[in-house]
Amino acid sequence: MNSPLDLERELQDILRQSRSGRLRRAWGITTHYRWSQICRRVFRVVRERLQPQRVVGDWADAPTARYRATSEPLTQFARLTIDFRSDLRATALNDLQGGFVGLLGEAHNVGYPIRWAELSSSSTLPHLARFHLHYHEFLLGELARRGDSCWELVWQTLASWLKAFPAATTLRTSDAWHPYCISRRIPVWCWLLILGEPPARLRDSLTSSLATQAHYLSRHLETELGGNHLLENVAALAIAAGMVEHPEANQWLATAARTWDGEKAEQILLHGEHFERSPMYHCQVVGNLLRQSIMVAEIDRRMANEWLETALRMLKFLEPILHPDGEIPLLGDSGWEEAPNVKELQALAELAQRNLNRSSTQSLHPAPSQEATSHDQLRVETVGPYWVARWGGGADESFVLVDGGEVGPQHLPAHAHADLTNLEISLAGKRWVVDSGNFQYAPGSMRDYCRASLAHNVMTVGGRNSCDVWGGFRMGRRGKIVAFQPLKHENGHAIRVAHDGYLQLGIKRIERVVGVESSGTVWVFDRAEGTCAEPLRGFLHFHPAVECSTVDDSGKVWTLSREGESRTITFIGASQVSLANGWVCSAFGVRERGAVLVYESPASNKLPIGWSLARSPNKSAADFPKWLMNNNGN
């Protein structure tokens with residue numbers, strides 16, 4: 001057998017042949033952006049260029065700030081936040097006294113004391129890593145790793161930061177005072193002040209700086225970006241208001257509440273999902289809402305209850321899309337360890353409800369669907385644009401998730417991938433068919449790869465992207481979902497979805513049907529409507545622990561195995577099937593090789609092309625269940 005194809009290299013060849021021109025891409029972006037976004041962005045850029053040397057500035061006549069008395073719920077809350085960092089990969093990479101900090105999955109030499117000024121202008125530390133350094137979340141990891149023995153180290157690090165970036169002389173263009181960095185840093189300082197006792201002089205400096213940061217943030221909200229960034233600003237202001245006793249604290253909370261009121265209807269969809277449609281950012285938003293609720297419960301019970309109610313609704317959405325391992329699918333810009341995991345969300349939700357004297361109701365464990373079904377073993381549910389099937393139970397539960405929704409909000413696709421009609425599969429409690437996740441945000445071949453269609457479990461035209469993703473966060477032309485139809489039959493359940501992502505190539509739509517029979521056999525087939533000279537190419541990505549091997553010389557039947565379990569995948573309607581090397585990125589900076597099966601058919605073939613996943617082979621097109629082929633599912 002020939003050496004497996006390297007999909008990362010293959011993508012670069014495809015992009016060179018199909019890349020859109022600059023004008024077309026610019027038009028593709030501006031037609032989807034809102035005028036308010038464009039105007040805000042232009043205003044910020046012009047202001048920075050006209051006054052590039054403006055400093056943050058001392059807060060004139062700023063009253064003395066103090067932090068509020070610590071209560072038992074807040075102490076539990078801060079301790080919980082640190083405890084959940086003990087198992088993170090970044091925490092294991094920390095060695096602050098040795099000069100190393102874990103950022104985005106890598107250990108970076110930052111020196112000790114940290115070389116703040118040098119690193120702020122150094123090209124040796126990637127821009128996003130510099131941002132993460134200014135979040136100060138690594139200090140929570142240090143406490144999780146070393147316990148109370150490192151408090152002196154923590155206070156020395158904060159003192160050195162205050163000295164390096166005083167508001168009176170630090171430029172507004174500094175990463176240290178970027179609104180998003182402030183938003184991530186304020187909560188960290190609050191947890192530290194709740195749990196530890198800094199020297200008196202440093203305590204006064206920290207609380208004064210907290211007030212200054214909240215004051216500055218309240219006047220520099222990231223309205224031109226919106227989305228999760230703006231909700232991060234809201235969370236920081238609310239948490240600061242709950243922590244710092246200051247005459248302006250009520251204004252911070254009012255700004256947070258007012259901004260939330262303007263965003264909640266758009267950003268939290270009716271079915272409970274965050275509108276950027278990335279499970280990781282969904283968890284980040286939920287975690288912030290729960291933290292806000294806990295922090296402001298003593299000063300604004302109404303807002304605390306509203307944020308808690310929204311968080312619980314978002315958790316209810318999350319339950320059915322979790323894999324049997326209890327974690328999120330890696331759709332869009334998702335990865336583990338950058339947002340609270342589901343166990344932490346559950347713990348936060350229970351604490352937030354107790355803090356408001358409410359009974360705990362959120363389980364965060366996938367439960368059988370309440371929808372009617374004729375099968376005891378097969379349970380099917382639609383949650384917004386997701387279709388989910390489960391069978392079995394306990395440690396042996398199996399799971400199919402089909403994403404039948406748009407890639408993200410039309411005006412904010414920064415965290416969206418070209419993954420229309422994507423799917424993931426767990427079998428016997430473990431992940432088998434997986435999404436590629438996200439490796440990094442910096443533009444480059446890996447960012448291109450993770451956002452490309454061929455990095456997802458979808459059908460493509462010649463491996464091209466169904467949406468024109470480029471740069472770090474840009475998306476011009478994008479396909480749209482044109483059909484979403486659940487199907488029911490006495491033999492099983494299915495979902496029919498379709499998109500128009502290849503209209504420019506003469507393909508009116510690509511239709512996909514995913515079905516699960518009561519026996520546990522999974523069927524997937526795709527059809528393309530239209531004319532195009534390029535072949536149809538489907539991609540099927542497997543978890544790094546899954547091994548693939550051919551059964552016979554035809555190359556159409558493969559055996560999959562993982563940890564003692566085995567399945568057979570049979571390709572039907574494909575002219576050829578080949579093995580490729582892909583990447584699976586479960587967290588920032590983490591990538592593992594995973595097997596990918598690439599199946600292909602000439603575009604002139606009007607018959608469906610697809611596969612079945614079962615315990616035994618299905619060897620011909622005649623084995624396709626007729627009820628799946630029928631438009632009505634009867």
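Readers should treat all values here as calculations from the given coordinates under stated rules, not as data from a laboratory. This one's a predicted model, so the numbers in the text were calculated from it and none came from an experiment. Ideal geometry is used to build each Cβ from the backbone, glycine not excepted, and the neighbour counts take in all protein chains shown.
Student exercise: in the chain, how many lysine pairs 8 or more apart or on different chains have Cα atoms under 15 Å apart?
5
Looking at the P(r) of region 307-357, how many percent of alpha-carbon pairs lie beyond 19 Å?
Counting every Cα pair in region 307-357, those more than 19 Å apart make up 29 percent.
Can you grab the distance from the C-alpha centre of region 162-177 to the C-alpha centre of region 192-216, Å, no decimals?
So the separation of the two Cα centres works out to 16 Å.
Please report the antiparallel percentage of DSSP beta bridges with both residues in region 496-596, rounded to the nearest 5.
Antiparallel bridges make up about 100 percent of those DSSP assigns within region 496-596.
Please compute the volume of the convex hull spanned by the alpha-carbon atoms of the chain and report it per residue in Å³.
Normalising the Cα hull of the chain by residue number yields 157 Å³.
What is the helix-to-structure angle for 279-296, meaning the angle in degrees between its Cα long axis and the longest Cα principal axis of the chain, kept from 0 to 90 and rounded to the nearest 10?
30
For region 427-445 and region 548-614, write down the distance between their C-alpha centroids in whole Å.
With region 427-445 and region 548-614 each reduced to a Cα centre, they are spaced 16 Å.
Any idea what the alpha-carbon Rg over 2.2 N^0.38 Å comes to for region 364-518?
Cα-based Rg divided by the globular estimate yields 1.11.
What number does region 205-366 give for Rg over Rh if you use C-alpha atoms and the Kirkwood radius?
Result for region 205-366 is an Rg/Rh of 0.97.
Note the full-extension length gain between GLU547 and LYS626 as 0.36 nm times their separation in residues minus their Cα-Cα distance, in nm to one decimal.
Separation in residues times 0.36 nm, less the Cα-Cα distance, equals 25.3 nm.
How far, in degrees from 0 to 90, does helix 72-83 lean away from the longest principal axis of the Cα atoms of the chain, to the nearest 10?
50
Through the Karplus equation 6.51 cos²θ - 1.76 cosθ + 1.60, θ set to phi - 60°, convert the phi angles of region 548-563 into ³J(HN,Hα) values in whole Hz; use x for Gly and Pro.
10, 8, 6, 8, 9, 6, 5, x, 9, 10, 10, 9, 10, 9, 8, 6
Could you tell me how many degrees, from 0 to 90 and to the nearest 10, lie between the Cα long axis of helix 342-355 and the main elongation axis, the longest principal axis, of the Cα atoms of the chain?
Helix 342-355 sits roughly 50 degrees off the main axis of the chain.
Given N residues in region 109-154, what is Rg(Cα) / (2.2 N^0.38 Å)?
The value comes to 1.25.
Which residue, ILE182, ILE239, LEU104, has the largest displacement toward the positive end of the dipole of the chain when charges sit on each Cβ (Lys, Arg +1; Asp, Glu -1)?
Farthest towards the positive pole: ILE182.
Just to confirm the filter: which GluC sites (Glu not before Pro) across region 258-319 are DSSP coil and have at most 16 other Cβ within 10 angstrom of their Cβ?
Here the GluC sites (Glu not before Pro) that fit, given the DSSP loop and packing criteria, are GLU298.
Please identify every one of the trypsin sites (Lys or Arg not before Pro) in region 181-240 that sits in a loop by DSSP and has no more than 16 other beta carbons within 10 Å of its own beta carbon.
Hits after loop and neighbour filter: ARG219.
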